[in-house]
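The values are calculated or read from the model by the stated rules, or taken from the named source; none is laboratory data. Nothing here was measured: the structure is a model prediction, and the numbers come from that model. Cβ placement follows ideal geometry from the backbone for every residue including glycine, while neighbour counts extend to all protein chains displayed.
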Amino acid sequence: MNTENRVSPQAPEIEEAIIGACLIEQGAIPLVADKLRPEMFYVLRHQVIYAAILAMYHAGIKIDILTVKEELSHRGKLEEAGGPFGITQLSSKVATSAHLEYHAQIVHEKYLRREMILGFNKLLACSLDETMDIDEVVVTGYGNFSKSSFTGSANTLRTDMLKEVPVMSVEQKLQGMTTGVQITSSSGQPGANQSIRIRGMGSFNASQEPLFVIDGVPVTSGSMSSGGPDAAYMNNSKTNIMSTLNPSDIENVTVIKDAAAASLYGSRAANGVILITTKKGNTGKVRVDLNVSGGFSHAAVDFRPTLNGDQRKELLYEGLLNYAIDNGMESPSEYANSNIGTYAYKPAMGYTDWRKELLRTAMHQSYEASVSGGNDRSTFYASLGYNNQEGLAKNSSLDRYSARLNVTQKVGKYGEVGANMMFSQMNQEMNEERGSSINPFLCVAMTMTPSMVVRDEEGNYVGAYDGTSLNPLRDILTDYNRVRMTRMFSTGYAAIEPIKGLKLKETLSYDYTIQKDSRYYNPLSSAGPKSGSDAQTAKGFIEYGKLISSTSLNYVRTFAHKHHLDVLAAYEIESYQTDHASGEKSKLPSDKLTEPDNAAVLNSFKSATQAYRMISYLSRLNYDYDDRYYIAGSYRRDGSSRLSPNNRWGNFWSVSGMWHLGNENFMKAVKPVLSDIKIRASYGVNGNQPGSYYGYKGLYSYGENYMEAAGSYESAQPNDLLTWEKNYSLNLGIDLSFINRISTGIPRTCFTVSPSAPLPDLPVI
């Protein structure tokens, strides 16, 4: 349809009749004052005149031709309104106000039609502009907000920003994608644990990691071995729990940086919050997606150039020659030739290329399938995935099998139920990466030389030096450190909206993970402290289960088109338990029989069970006026079993505000250049629970021997004064957007961490 020559909906003659009636009849303006605003008039001078008349009416000033002329002159708008003659001429356009209300309805309808056309054109322009961000939604876990109305500091990364990043974990997708977030890896192993810092350190004594929330439910993240007596479990801190989540199932990721939204999570949010929203079904035809990808990886940098055998021999020969010369020997060449074999001999099978022996070109592959669809009553999304990633070092890899199902169903007119189920199994093969000669990168960079051999002429592993057992390739290929992690995460909810805007929701979730480890060192292994000992084998497991129940009541309402209110109240219960056991044995009969049952000597065995419970009450209020002035506040009260009854409860809160300066009328003139500007501020308190589950109690440990008899000892003294660690955070910022293309922010943050003391003066950093 060609609309280029179409005229905008308008009725100038009727507009003249309305203004004329208001000029000549005192009872005219009350009939239209509540129905029409100045911007509803199409003709600009009609807008100016009606604005003056409306202001005079609200001020109680008598309205006639002369007083209106005087008001316009006082405003400096008389000439813009057509001058004195133009005002007088309008009064002759109508003889009576009998049809005034009907005329007002016509003007109002014309205005609505123009607004619809304008809105459609804007939407069309955005849809054609691939650089325009039309998904401006900030997910907080306790509600979604438009980016323009969000008073806190957060960044949301959508699917289209993440899909081109071929990695195995969520954390890796965030790397370099948002400001204020630092991500480092604890290891080069596939699926290794990631260290995440959001705006620096948030705790002195507890974890520094942010809280992960999947579809509104807080989950355990990081290494399962972190914290408490589990920290040294199987010497394994490389496995990342979040690697069990398939990144292809993620719809968006939101990083919350300040207390404005993070304080809703209270005692778990001192280090920020990362919210993950998974994909759901959409109404429409059933959609099937298949994705197959693969690739190769190399070492990112040549971390340390090394000499090959001939180069190294030449260098050492020159050194021996110079040594002989400096010491005045008669035949320096003879000395160098006779001794070079000691330092740079050439093995019968040639020099060893340790980079080639220990490292490789790693391959990764991914196979994923999903199906989704639904109608206005129900939706569904299901996916299956298989991912494999090889490590750069030989004998290191990660396999992951994943499945996911999400369904929603409307119940009656006011109800809705839904379920989200995830299953994942991950198999990880790891190398030792301690400061030992088995570390493949350490071997290449610092330890191994081309004169060290890997195998003899018969193909058997040999010691790299005569008289030693050091052979890193043998250890890498014969030793093993394996992890199998199985995770099941399920969430179900039921919601009802008995009154428009009022929603009652109950959510129940269970997060269960079990990790099984097995480890073996061959008799000649050079892996750290095991060097020169008997073959050793170890097995163990660690599992956790977290049950969360959440009941919330949310009320959202808009009053008089300008007052927007969002109120939330919720009650939550969290129960957590973890169990682990591990043992190590030695004196195996053969390097083929590596199960602990085959070993003769028990070296060690340990086990532990830990549990805690937390009850929370929380509330939130968000209000804005006319999309210009925003204020928000939240309050949460947590009670944890990790603290004594005297200090069990902690209070966490935040206040925030924003002035959307870009929506003010006086900013219209600079809109083509400065498209938007917001000034925001927030202040709040969040914190951490103690790292120890039973720190306020005196603990005794058993298993010590006293004169060949079992005994116990005091391993921890009671601390009844132990309390919540609190983080006080102030965030100030200005958000600027230029020509709808360039966005920037100017944050200013002040904070301090105080375990139990009153709030001190805030230092500026």
Number of the exception - A59 against (1) of a type in the set (A, V, I, L, M, F, W, C); (2) more than 17 Å from Y111 (Cβ to Cβ); (3) modelled with pLDDT of 90 or more: (3)
Kindly evaluate S237 against the criterion of being in a loop (DSSP other than H, G, I, E, B), modelled with pLDDT under 65 and crowded, with 20+ Cβ neighbours inside 10 Å. no
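Step by step: first the residues of region 659-688, then only those that are charged (D, E, K, R) and surrounded by fewer than 17 Cβ atoms within 10 Å (Cβ to Cβ), then the one that is farthest from I256 (Cα to Cα). Which residue is that? Step through it out loud before you land on a result.
Of all residues in region 659-688, those charged (D, E, K, R) come to 664, 668, 671, 676, 678, 680.
Narrowing the set further to residues that are surrounded by fewer than 17 Cβ atoms within 10 Å (Cβ to Cβ) leaves 664, 668, 671.
Working: E664: 27, K668: 31, K671: 29 Å.
Of everything passing the filter in region 659-688, K668 is farthest from I256 (Cα to Cα).
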Test each condition in (1) farther than 28 Å from E429 by Cα; (2) at pLDDT 90 or above; (3) out of contact with any Lys or Arg (no Cβ under 6 Å at 6 or more places or on another chain); (4) not polar (S, T, N, Q) for K313 and report the one that comes out false. (2)
Got at least one residue in region 43-66 being of a type in the set (K, R) and either free of Cβ contacts under 8 Å to residues at least 24 places away in the same chain or in contact with a His (Cβ under 8 Å, 6 or more places away or on another chain) (or both)? no
Restricting attention to region 76-87, does a residue exist that is loosely packed, with under 13 Cβ neighbours inside 10 Å, at pLDDT below 75 and in a helix (DSSP H, G or I)? no
Would you point out the residue of region 480-499, among those that are touching a residue at least 24 places away in the same chain (Cβ under 8 Å) and more than 30 Å from N246 (Cβ to Cβ), that is surrounded by the most Cβ atoms within 10 Å (Cβ to Cβ)? I496
Of the listed residues (R636, R613), the one being over 24 Å from the mean Cα position of the chain (by Cα) and in contact (Cβ under 8 Å) with a residue 12 or more places away in the chain is R613
From the options S756, S729, S701, residue that is modelled with pLDDT under 85, surrounded by fewer than 16 Cβ atoms within 10 Å (Cβ to Cβ), of a type outside the set (A, V, I, L, M, F, W, C) and closer than 27 Å to G639 by Cα: S756
Here are some conditions: (1) over 30 Å from Y630 (Cβ atoms); (2) more than 28 Å from the chain's Cα centre (by Cα). H563 meets all but one. Which one does it not meet? (1)
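Taking the condition of being modelled with pLDDT under 65 and under 25 Å from R484 (Cβ atoms), how many residues in region 240-260 meet it? Break it down stepwise before answering.
Our first condition is that a residue be modelled with pLDDT under 65; within region 240-260, this holds for 259-260.
Applying the additional criterion that residues be under 25 Å from R484 (Cβ atoms) yields none.
Qualifying residue count for the region: 0.
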Considering residues that are buried (at least 17 other Cβ atoms within 10 Å of the Cβ) and not hydroxyl-bearing (S, T, Y), the number found within region 400-426 is 9
All but one of (1) surrounded by fewer than 19 Cβ atoms within 10 Å (Cβ to Cβ); (2) in contact with a helix residue (DSSP H, G or I) (Cβ under 8 Å, 6 or more places away or on another chain); (3) modelled with pLDDT under 80; (4) not in a loop (DSSP other than H, G, I, E, B) hold for G691; which doesn't? (4)
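Which members of region 345-363 meet the condition of being in contact with a Ser or Thr (Cβ under 6 Å, 6 or more places away or on another chain) and modelled with pLDDT of 85 or more?
Kept after step one, since they are in contact with a Ser or Thr (Cβ under 6 Å, 6 or more places away or on another chain), are these residues of region 345-363: 345, 362.
Answer for region 345-363, where residues must be in contact with a Ser or Thr (Cβ under 6 Å, 6 or more places away or on another chain) and modelled with pLDDT of 85 or more: just A362.
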